[in-house]
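One structure below.
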Amino acid sequence: MSNTELPAQSTILDEVIGFLYPFILLLGFYMILHGHQHPGGGFQGGTILAALFIARYIIFPVNTMNSERMHTIQRTFLALILVIPCVVLFTGLLNRFPAYRTHYLLVMNLLIGLQVGLELGVAVLRFAFFEGVGKTWRL
């Protein structure tokens, strides 16, 4: 089925998801940014942000996103998630400057949230728009 032969979408679904889209975005970032103080955090906020990719696909099922670029950004976040704690642990920064513990947790929650959101978003797009046999992923 080509892009011109898409079935008509529900107007109610389009309007409801269009109305809720900014609220879902705010809730996702709220969970990420307040995860170091309350239950929740990077993973939960990231899954909420991934719901935006799913909602976008439900409303407009056309592959206009560059999943390769999203995958590259996701790998960059993953590398930062691995490198930053190692640097902080081996240099003893949090022991010397305990006031920065909150900032460290906030940065890590943000990185984890964005990484999880992109990872789940890429997975949904890959399943929705399979790009052919023989295409391999590198981690």
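Of all residues in the stretch 45-56, those that are farther than 16 Å from Phe77 by Cβ and touching a residue at least 24 places away in the same chain (Cβ under 8 Å) total 5.
If the condition is being in a helix (DSSP H, G or I) and touching a residue at least 40 places away in the same chain (Cβ under 8 Å), then the stretch 9-28 contributes Leu13, Asp14, Ile17, Gly18, Gly28. Of everything in the stretch 61-98 that is of a type in the set (A, V, I, L, M) and modelled with pLDDT under 85, the residue that is nearest to Gly117 (Cα to Cα) is Met70. Taking Ile73, is it over 23 Å from Phe19 (Cβ atoms), under 13 Å from the mean Cα position of the chain (by Cα) and part of a helix (DSSP H, G or I)? It is true that Ile73 is over 23 Å from Phe19 (Cβ atoms), under 13 Å from the mean Cα position of the chain (by Cα) and part of a helix (DSSP H, G or I).
Please determine whether any residue of the stretch 106-128 is modelled with pLDDT under 80, hydrophobic (A, V, I, L, M, F, W, C), outside any helix (DSSP H, G or I) and within 14 Å of Met70 (Cα to Cα). No - not one qualifying residue is present in the stretch 106-128. Just wondering, is there one or more residues in the stretch 111-121 that are among the acidic types (Asp, Glu) and exposed (fewer than 15 other Cβ atoms within 10 Å of the Cβ)? Checked the stretch 111-121: no residue is among the acidic types (Asp, Glu) and exposed (fewer than 15 other Cβ atoms within 10 Å of the Cβ).
So for the stretch 37-60 (the condition being among the hydroxyl-bearing types (Ser, Thr, Tyr), more than 14 Å from the chain's Cα centre (by Cα), at pLDDT below 90 and part of a helix (DSSP H, G or I)), does at least one residue qualify? Yes.
The values are calculated or read from the model by the stated rules, or taken from the named source; none is laboratory data. Predicted, not measured: the structure shown is a model, and the values here were computed from it. Every residue, glycine among them, receives a Cβ derived from its backbone with ideal geometry; neighbour counts consider all protein chains shown.
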